[in-house]
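A.B. asks: Let me give you the structure first, and then I'll get to my questions.
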Number of protein chains: 2
Amino acid sequence: MSLVVQKFGGTSVADTDRIKAVADHIARSKRSGDSIVVVVSAMGKTTDELLHLANQVSKVIPGREMDMLWTAGERISMALVCMALAEREIPAASFTGSQAGIVTDELHTRARIVQVKGDRIRSALAAGLVPVVAGFQGVSTANDVTTLGRGGSDTTAVALAAALGADRCEIYTDVSGVFSADPRIVPSARKLPRISFEEMLEIAATGGRVLALRSVEFARNHHVSLLVRSSFTWEPGTLVTEEDPSMEQPVVSAVTSDATSAKITLSGVADRPGIAAALFRGLADRHVNVDMIVQNVSHDGTTDISFTAPKDDVAASLEVAEAMRPSLGAVSVVADDDVAQVSLVGAGMKTNPGVTATMFETLAGAGINIEMISTSPIRISCMVRAEVAERAVQVLHAAFALDT
Amino acid sequence: MSLVVQKFGGTSVADTDRIKAVADHIARSKRSGDSIVVVVSAMGKTTDELLHLANQVSKVIPGREMDMLWTAGERISMALVCMALAEREIPAASFTGSQAGIVTDELHTRARIVQVKGDRIRSALAAGLVPVVAGFQGVSTANDVTTLGRGGSDTTAVALAAALGADRCEIYTDVSGVFSADPRIVPSARKLPRISFEEMLEIAATGGRVLALRSVEFARNHHVSLLVRSSFTWEPGTLVTEEDPSMEQPVVSAVTSDATSAKITLSGVADRPGIAAALFRGLADRHVNVDMIVQNVSHDGTTDISFTAPKDDVAASLEVAEAMRPSLGAVSVVADDDVAQVSLVGAGMKTNPGVTATMFETLAGAGINIEMISTSPIRISCMVRAEVAERAVQVLHAAFALDT
């Protein structure tokens, strides 16, 4: 008998028919003998609709009240799931984030979990119930209702799985797993049956939208294996787990792309110690999330510094850079948001030095210019023009023989 | 400076425009120097819509889960009211029933308040905030979410007003006060500027729908004056308060009617001690809410017993009566739900013995037959055919000179 956490996202509980299908699946899992803890998101677009209501009512939206509003969403979905389970004669009980003991800091709308108590969940399990827990929400140390921000429900599921010592955490969504590329871009993309936490982190960080980066980090840090599956087809999904050192790793597992960043370039910067430090301290103070940074060798005592940042942070980045331009000695500051990042991810890359060369040759062969490069031990990312990003993914997917 | 509890019902916060109007009113009240505690219901038809969702998902609806579902409603309205107040620069904070310390028993969907702690509400007031509290909901002694059933939000408001020692409790709704009759039946009905708790109780018990019986009882028992007002016109409303012994009371304050009860008659019942006791114990055991009871003098050792009960309880009443028929010696059991009760309510009735006679003469003059009669010190109720109930209200309203 295993203890399994099953998390159902917004599309999985989008309407009453989907909720019934989810209840059927939970009932089957429970009858198979496992202990099941369910985590649910709000139904479909509820979260967006509640934000829309808020915007209609007021231009001033205190985070504490937004959290009170948003947390109505999971209340509805979890109560309905429990009712559907009751009809299937599976005793269940719903628990808010607060009741489940998901304790967070006081950063409303993007709180971090500081502790998972889970006492009522353990009691419910001991009583033979299926606890159905609200994802995305918690209670702050000041006893106020909080929400966990993007990817919050996945994080709730992983945190609960870790706290309860669950055997695994199943993430049900509207795709059937993690693919070697986005199937909308590469129709022949292959579903990966198994992938390491490190690869999943790189995929999530470079444009894969199946799992939020944060929940994968949490799962890796707490050694909670994740099974990503479809709640529409219920077919076998992708297991995200520890790297298996006994196996040869595929050189490249996936190709990703991401067009959410912009490139900012400062030209003619004085090439002396402390310049880069001053710039990136200034950006950090404005909470700009800098990703790639490139600085080339200097000519005549000056150099160019380019970095990428989320498009939402471009205005702040330009303000910081412009304000510092005199002290940096920069000639100009230019933002370019017509770019995209294309990445290769693979745990076997560490031991296969030829990957980078093949990647560059492939892109060159397709006439695609590389504007910036950044690497990790298991990832190579290239910045290209936005309009050639899909083509870049397609040629790389073919070049590394990832097709089914 | 007064402490005022303002309660806004579902129609008062039905949409974002109504919520803004409510926020304007709260802001005005706060700026006038009073301390304000707000209690809100769910928006418009939310409660019905959530029940509909539940019915779509399952034929089995555990009360605990229905309460979890329903309590999403006030979360939404109270958060939106706080946001609208924030835009008006009135610092506010929303509180669930649990956070406000509304402790109830464990009877889900119809819990009773056992304690109002209110610590967080007092702290919020001390900090200069407007606390906005979810009506209708509480937390059980088992730490589960509960709802208070019909009239629950009014009860929350009155209970909070009592616990906080508020100077008054204002109930905002879609009518402008308590009238001498339902204005849809009697267009010339008059708004009563002031009415005693006892009169209000009789009006609520006999068909007046402005305030729930339960909240009026709570207000009387805790000496909390209620001001019933319109959140659409904001005109002066009706003050429901202690009887003023220094004033002459109007003989008749209001005429009400109620068609929600049915009449059940047992004929040929043996006229011996214990018969009525056995019948009404049996009905009580099935939770049938018996209102009027009439038993006439007997002929030849048998008599007829009639009683009224809510139409919803007719089936249970018939089952009880049929099962006991042999032991009661009754010849027949007949239910009649084509009846209505018409009542006169007035605190001055106690000292004016002619009211009953005038009532009967008036109904007789209009050709209306009286089938059953029941009285209290400040009320006379007559059961009549359902189709003549409106006409009965109209002729009584005129006969007692209640028109404006």
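The values are calculated or read from the model by the stated rules, or taken from the named source; none is laboratory data. Note that this is a predicted model, so its numbers are computed, not measured. Ideal geometry is used to build each Cβ from the backbone, glycine not excepted, and the neighbour counts take in all protein chains shown.
A.B. asks: Report yes if some residue within region A:92-110 is more than 18 Å from A:Ala157 (Cβ to Cβ), within 13 Å of chain B (Cβ to nearest Cβ) and touching a Lys or Arg at 6+ places or on another chain (Cβ under 7 Å); otherwise report no.
C.D. replies: Scanning region A:92-110, I find at least one residue that is more than 18 Å from A:Ala157 (Cβ to Cβ), within 13 Å of chain B (Cβ to nearest Cβ) and touching a Lys or Arg at 6+ places or on another chain (Cβ under 7 Å), so the answer is yes.
A.B. asks: For region B:327-404, which fully contained strands (runs of 3 or more DSSP E) count at least 2 residues that are modelled with pLDDT of 90 or more?
C.D. replies: B:332-336, B:339-345, B:379-385
A.B. asks: Among the residues in region B:235-252, are any touching a Leu at 6+ places or on another chain (Cβ under 8 Å), without any contact (Cβ under 8 Å) to a residue 60 or more places away in the chain and in a strand (DSSP E or B)? If you could, list the steps in order and put the result at the bottom.
C.D. replies: So the first thing to find is which residues in region B:235-252 are touching a Leu at 6+ places or on another chain (Cβ under 8 Å), and the list is B:237-241, B:252.
Keeping just the survivors that are without any contact (Cβ under 8 Å) to a residue 60 or more places away in the chain gives B:239, B:241.
Filter again for in a strand (DSSP E or B), leaving B:239, B:241.
Among the residues of region B:235-252, at least one is touching a Leu at 6+ places or on another chain (Cβ under 8 Å), without any contact (Cβ under 8 Å) to a residue 60 or more places away in the chain and in a strand (DSSP E or B), which makes the answer yes.
A.B. asks: Tally time: how many residues in region B:87-145 are of a type outside the set (S, T, N, Q) and on the phi > 0 side of the Ramachandran plot?
C.D. replies: 5
A.B. asks: Still on this model: With B:Ala79, B:Ala134 as the choices, which residue is in contact (Cβ under 8 Å) with a residue 60 or more places away in the chain, surrounded by 24 or more Cβ atoms within 10 Å (Cβ to Cβ) and under 28 Å from B:Ser32 (Cα atoms)?
C.D. replies: It is B:Ala134.
A.B. asks: Now a separate question. Name the residue, out of B:Gly365, B:Gly329, that is loosely packed, with under 15 Cβ neighbours inside 10 Å and more than 21 Å from B:Ala204 (Cα to Cα).
C.D. replies: B:Gly365
A.B. asks: Answer with yes or no whether B:Arg168 is under 26 Å from B:Ile26 (Cα atoms), charged (D, E, K, R) and more than 18 Å from the chain's Cα centre (by Cα).
C.D. replies: The answer is yes for B:Arg168.
A.B. asks: Right, here's the next one. Please report, ordered by residue number, the strands (runs of 3 or more DSSP E) entirely within region A:132-180 with at least 2 residues that are closer than 29 Å to A:Pro193 by Cβ and out of contact with any Pro (no Cβ under 9 Å at 6 or more places or on another chain).
C.D. replies: Here the list reads A:168-173.
A.B. asks: So B:Asn289 clears everything in (1) assigned to a loop (DSSP other than H, G, I, E, B); (2) touching a Ser or Thr at 6+ places or on another chain (Cβ under 8 Å); (3) surrounded by fewer than 16 Cβ atoms within 10 Å (Cβ to Cβ) except one condition, right? Which one?
C.D. replies: All conditions are met except number (2).
A.B. asks: How many residues does region A:261-295 contain that are within 14 Å of A:Ser306 (Cβ to Cβ), within 22 Å of the chain's Cα centre (by Cα) and small (Gly, Ala, Ser)?
C.D. replies: 2
A.B. asks: Next question. In this structure, is B:Val4 away from chain A (no Cβ under 13 Å), under 20 Å from A:Arg64 (Cα atoms) and modelled with pLDDT of 95 or more?
C.D. replies: No: the conditions fail for B:Val4.
A.B. asks: Right, here's the next one. Of all residues in region B:158-175, count the ones that are closer than 25 Å to B:Gly33 by Cβ and either surrounded by fewer than 23 Cβ atoms within 10 Å (Cβ to Cβ) or touching a Leu at 6+ places or on another chain (Cβ under 6 Å) (or both).
C.D. replies: Number of matching residues: 10.
A.B. asks: Which condition does B:Asn143 not pass, out of (1) within 11 Å of chain A (Cβ to nearest Cβ); (2) buried (at least 24 other Cβ atoms within 10 Å of the Cβ); (3) of a type in the set (S, T, N, Q), if it passes all the others?
C.D. replies: Going through (1) within 11 Å of chain A (Cβ to nearest Cβ); (2) buried (at least 24 other Cβ atoms within 10 Å of the Cβ); (3) of a type in the set (S, T, N, Q) one by one, B:Asn143 breaks only (2).
A.B. asks: Filter region A:1-36 down to residues that are aliphatic (A, V, I, L, M) and in a loop (DSSP other than H, G, I, E, B) and give me whichever is farthest from A:Gly152 (Cα to Cα).
C.D. replies: By that ranking, first place goes to A:Met1.
A.B. asks: Return yes or no: is B:Ser12 of a type in the set (S, T, N, Q) and more than 29 Å from A:Arg88 (Cα to Cα)?
C.D. replies: For B:Ser12, the condition - of a type in the set (S, T, N, Q) and more than 29 Å from A:Arg88 (Cα to Cα) - is met.
A.B. asks: For A:Val116, only one of the following conditions fails: (1) without any contact (Cβ under 8 Å) to a residue 40 or more places away in the chain; (2) away from every other protein chain (no Cβ under 14 Å); (3) over 30 Å from B:Glu89 (Cα atoms); (4) not polar (S, T, N, Q). What is its number?
C.D. replies: Unmet for A:Val116, out of (1) without any contact (Cβ under 8 Å) to a residue 40 or more places away in the chain; (2) away from every other protein chain (no Cβ under 14 Å); (3) over 30 Å from B:Glu89 (Cα atoms); (4) not polar (S, T, N, Q): (1).
A.B. asks: Does B:Arg184 count as surrounded by fewer than 20 Cβ atoms within 10 Å (Cβ to Cβ), within 15 Å of the chain's Cα centre (by Cα) and in a loop (DSSP other than H, G, I, E, B)?
C.D. replies: Spelling it out, it is not the case that B:Arg184 is surrounded by fewer than 20 Cβ atoms within 10 Å (Cβ to Cβ), within 15 Å of the chain's Cα centre (by Cα) and in a loop (DSSP other than H, G, I, E, B).
A.B. asks: I would also like to ask the following. Tally the residues that are at the interface with chain A (Cβ under 8 Å from one of its Cβ atoms) and surrounded by fewer than 24 Cβ atoms within 10 Å (Cβ to Cβ), restricting the search to region B:82-91. Please lay out each step first, then the result.
C.D. replies: Residues of region B:82-91 at the interface with chain A (Cβ under 8 Å from one of its Cβ atoms): B:82-84, B:86-87.
Checking which are surrounded by fewer than 24 Cβ atoms within 10 Å (Cβ to Cβ) leaves us with B:86-87.
Adding up the residues that qualify gives 2.
A.B. asks: For region B:293-311, how many residues are outside any strand (DSSP E or B) and either out of contact with any strand residue (DSSP E or B) (no Cβ under 9 Å at 6 or more places or on another chain) or closer than 17 Å to B:Ile275 by Cα (or both)?
C.D. replies: Residues in region B:293-311 being outside any strand (DSSP E or B) and either out of contact with any strand residue (DSSP E or B) (no Cβ under 9 Å at 6 or more places or on another chain) or closer than 17 Å to B:Ile275 by Cα (or both): 5 in total.
A.B. asks: Could you pull out the residue among B:Thr71, B:Thr11, B:Thr47 that is within 25 Å of B:Ala219 (Cα to Cα), crowded, with 24+ Cβ neighbours inside 10 Å and either within 11 Å of chain A (Cβ to nearest Cβ) or polar (S, T, N, Q) (or both)?
C.D. replies: After ruling out the rest, the residue left standing is B:Thr71.
A.B. asks: Hey, another quick one. Given the options A:Thr206, A:Thr260, A:Thr238, name the one that is more than 25 Å from A:Ile121 (Cα to Cα) and at pLDDT 95 or above.
C.D. replies: Only one candidate qualifies: A:Thr238.
A.B. asks: Looking only at helices (runs of 4 or more DSSP H) that lie completely in region A:46-109, which have at least 3 residues being out of contact with any Gly (no Cβ under 7 Å at 6 or more places or on another chain)? Don't jump to the end; show me each part of the working.
C.D. replies: Details: elements: A:46-57, A:63-70, A:72-87, A:97-100.
So the answer is A:46-57, A:63-70, A:72-87.
A.B. asks: Determine which member of the set B:Ala340, B:Ala323, B:Ala366 is within 28 Å of the chain's Cα centre (by Cα) and of a type outside the set (D, E, K, R).
C.D. replies: B:Ala340
A.B. asks: Something else: Take the residues in region B:119-131 that are loosely packed, with under 13 Cβ neighbours inside 10 Å and not polar (S, T, N, Q), then tell me which one is farthest from B:Ala92 (Cα to Cα).
C.D. replies: B:Asp119
A.B. asks: Further question on the same structure: Anything in region B:14-30 that is basic (Lys, Arg), more than 14 Å from chain A (Cβ to nearest Cβ) and either under 20 Å from B:Gly97 (Cβ atoms) or in contact (Cβ under 8 Å) with a residue 24 or more places away in the chain (or both)? List them, or say none.
C.D. replies: Listed by number, the list holds a single entry, B:Lys30.
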